Amino acid sequence: MATVTEPSISELHRQSERLEAETRKLMAEANKLTAEQLKLQAERELMPRSMIFQAMLATAALLGAGAAIAKLFFP
């Protein structure tokens, strides 16, 4: 049977530091993804309002152009 040697204290400290660094890296990535998700959610909520506003402006422009053409041809 194989015998298992216990790791030394310095080896355990190195593993612990490596795991802590990896954890910090993963937490930073998770925070970045959360911020990106919040940004996309805010844009998604804003988009319908801006589309409605743009549709209203386009309608007003078309009505104004129609009125100008009608006034030109039918004084």
I want the local charge near Ser10. Using Cβ-Cβ distances under 14 Å, sum +1 for each Lys or Arg and -1 for each Asp or Glu among the other residues. -1
Can you work out ³J(HN,Hα) from phi for every residue in segment 45-50, in order, using Karplus 6.51 cos²θ - 1.76 cosθ + 1.60 and θ = phi - 60°, giving whole Hz and x for Gly and Pro? 6, 7, 4, x, 5, 5
Regarding the chain, what is the average projected area of its C-alpha convex hull, in nm²? 10.1 nm²
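Only the coordinates and a few stated rules stand behind these numbers; no lab work does. Keep in mind that what you see is a predicted model, and the values were worked out from it rather than measured. Reconstructed Cβ throughout: ideal geometry from the backbone, glycine too, with neighbour counts over all protein chains shown.
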